[in-house]
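Structure first, commentary second.
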Amino acid sequence: MVWYITKRLLSAIPLIFIISAVSFFIIHLAPGDPSALLIDPKVRPEDLARIRNNLGLNQSLYVQFLIWFKNVLFLNFGRSFVDSRPVFDLIMERLPATLELMGSAISIGFSLGILWGVLSAFFKGKFDLISSIFSFFGLSIPSFFLALILIRVFAVSLKWFPVLGFSSVGIPYPSLQFFSNHIMHLLLPVFAISFGIICSVLRYQRNMAIEIFHEEYIQYAIAKGLSKKRILYHVFRVAVMPLITLLGLSLPDVLGGAFIIETIFAWPGMGRLGVNAIFSRDYPVIMGIVVFSSVLVILSNLLADILNRLFDPRIIED
Amino acid sequence: MNNFNDNLLLRAENIKTYFPIYKGFFIKKKTGYTRAVDGVSLSIRSGETIGLVGESGCGKSTFARSILRLSPITSGKVWFQGVNLCDMHDNEIRKIRRYFQIVFQDPYSSLNPRMTVGSIIAEPLKEHSIVKRSELQGEVFRLLDIVGLSSQMLNKFPHEFSGGQRQRIAIARALALRPKLLVADEPVSALDVSIQAQILNLISTLQKQMGLSLLFISHNLAVVRHICSKVAVMYAGKVVEYGKTSDIFDHPQHPYTRTLIKSIPVPDPGYKNYKFNNVEK
């Protein structure tokens, strides 16, 4: 198992190299230059040349990339063009907020989706029909639109939740009041992200569970006189397996969605940092976020594979 | 209906199991029924082995599932030791289920892939509190031993076993509840021929030892002839002939039974020619 994990981690390095190379060149293909945005348009040409030289922008693209990647291997992501702070610090500052948002959205989305899916397969009939319609509706609604509607209805009209931000201004940090205030801020964006997850997991899990209900070992579970609860548990244990893979695969989606949701709700996470960096052509920050996101996705996939191996006895260790 | 004599274990009266056929895209309409089982009656006495034969899709398995209340019955009554199973609530039926167990056809799909052999066999014991918690381990060992598996296999998962071994596990699991009736739904048709004989001998030895009643479902007449004392022949949801095994095989009355018996493959080529010549005449 240790060897397997090491192997997977080592193979992640070339993967990250390719991902960052592709994104690096694509970003630089975009017209414009950070120096043009940074500096007063009336600057003297020799000053501009000096600044470009300082930022390393006068070298060829390949050299720029290789220097950057060499630094990344030593966890040096460079400094932001905008405020000259180390990119690593900037991201580390924002990462917890993003992980909090994503983590709660994924855990709520998956647990509700799984439960609902199994129940929907178990009870069938009207309940199943309503769940199906609901999940189609939920799958077809884009998260940014849902977010806007949620803000309009629950924050602006009903005033149940705050409109945006991480917490209200002027509340002392380590206090119960801060905590509850923060939770109130968290609820709407988490709901906006998890709604789609609930619906897709619900559909997937329902079909899975219906299939499993027809399996002979569930028929046998009925035949040996188990209670409904035990039978549900049997179904549950088998049905959860493929979802571990789905969990690993859904992270990129959630991460991509977080960019938009964080911007809409002004959530101080990595996504908003990235969107701002793109607008200001802050190459080192953009690239830092690309690398961090890909590492997150690779790690979550690895975690899903490890969990699969631990839980599913049929996958034989090589 | 309580004038059951002591010997009679189960009586199915005029069982009908229909499956509705739906048509239409948005608005589904019932357009008819598949009559999977259409008025079958059958009595099983204690210690008796009854064979249920017929071609694929004639309703054998559905009938078995119906009398065990695994499939919904459209009409008819099932008397088990004097009580009607069809009137029972879910909770009552749950408790009585331990007296009739089933071994399914496909040992690859009848064992939960996420449970070890030990827990597969122990679960029914725990659920019905057949043995004390302290004796659970010993009872599981005993059952494994009965079906000819070693106790070292306790912590293995179903995928580590061959088809024959899996079927042995399924039998051990069914016998764990000490049932009075065992329904074997084509228990060997998914297995290799060499393994089939082993499993059949196991079932028939255990049946004699434990005094079980056995409802043996098969499309293989040679097997049925080998282990059953009575045979019911099903065709298109109905029992067309019922009687002692020797009567059925030696003096078949119904034309379908005759065709069925003629279709038994014979290992001896000389005899086969003889049989075919007779058929043509």
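The values are calculated or read from the model by the stated rules, or taken from the named source; none is laboratory data. From a predicted model like this one, the values you see are computed outputs, not experimental measurements. Here the Cβ positions follow ideal geometry from the backbone for every residue, glycine too, while neighbour counts run over all protein chains shown. In case anyone asks, the SASA skips ligands and DNA or RNA and just uses the protein heavy atoms, side chains included. Shrake-Rupley method; radii C 1.70, N 1.55, O 1.52, S 1.80 Å.
The figures follow:
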{"item": "Leading residue by the ranking (nearest to residue B:174 (Cα to Cα)) among those in the range B:141-153 that are open to solvent by less than 50 Å² (accessible area, probe 1.4 Å) and not in a helix (DSSP H, G or I)", "result": "B:147"}
{"item": "Residues satisfying the stated conditions in the range B:91-114, i.e. surrounded by fewer than 23 Cβ atoms within 10 Å (Cβ to Cβ), facing chain A (nearest Cβ under 8 Å) and not polar (S, T, N, Q)", "result": "B:93, B:94, B:95, B:96, B:98, B:106, B:113, B:114"}
{"item": "Odd one out for residue B:75, checked against (1) within 24 Å of residue B:237 (Cβ to Cβ); (2) buried (at least 18 other Cβ atoms within 10 Å of the Cβ)", "result": "(2)"}
{"item": "Counted residues, the range B:176-220 - those being under 19 Å from residue B:145 (Cβ atoms) and free of Cβ contacts under 8 Å to residues at least 12 places away in the same chain", "result": "4"}
{"item": "The range A:128-141 residues that are farther than 12 Å from residue A:200 by Cα and touching a residue at least 60 places away in the same chain (Cβ under 8 Å), paired with ones that are in a helix (DSSP H, G or I) and open to solvent by less than 90 Å² (accessible area, probe 1.4 Å) (beta carbon under 6 Å, 6 or more apart)", "result": "A:128/A:120"}
{"item": "Residue in the range A:167-186 that is within 30 Å of residue B:104 (Cβ to Cβ) and without any contact (Cβ under 8 Å) to a residue 40 or more places away in the chain present", "result": "no"}
{"item": "Test result for residue B:30, away from chain A (no Cβ under 12 Å), open to solvent by 60 Å² or more (accessible area, probe 1.4 Å) and modelled with pLDDT under 85", "result": "yes"}
{"item": "Residue list for the range A:190-233, restricted to those being open to solvent by 50 Å² or more (accessible area, probe 1.4 Å) and within 13 Å of chain B (Cβ to nearest Cβ)", "result": "A:211, A:214, A:215, A:222, A:228, A:229, A:230, A:233"}
{"item": "In the range B:154-178, the residues that are among the charged types (D, E, K, R), in a helix (DSSP H, G or I) and within 12 Å of chain A (Cβ to nearest Cβ)", "result": "B:160, B:166, B:173"}
{"item": "From A:191, A:145, residue being in contact with a helix residue (DSSP H, G or I) (Cβ under 8 Å, 6 or more places away or on another chain) and of a type in the set (A, V, I, L, M, F, W, C)", "result": "A:191"}
{"item": "Residues of the range A:154-179 satisfying the condition of being in a helix (DSSP H, G or I) and either open to solvent by less than 60 Å² (accessible area, probe 1.4 Å) or of a type in the set (Phe, Trp, Tyr) (or both)", "result": "A:154, A:155, A:178, A:179"}
{"item": "Residue match in the range B:35-42 (condition: within 14 Å of chain A (Cβ to nearest Cβ), within 26 Å of residue B:236 (Cβ to Cβ) and open to solvent by 60 Å² or more (accessible area, probe 1.4 Å))", "result": "no"}
{"item": "Qualifying residue in the range A:258-271 (condition: more than 14 Å from chain B (Cβ to nearest Cβ), within 30 Å of residue B:115 (Cβ to Cβ) and hydroxyl-bearing (Ser, Thr, Tyr))", "result": "no"}
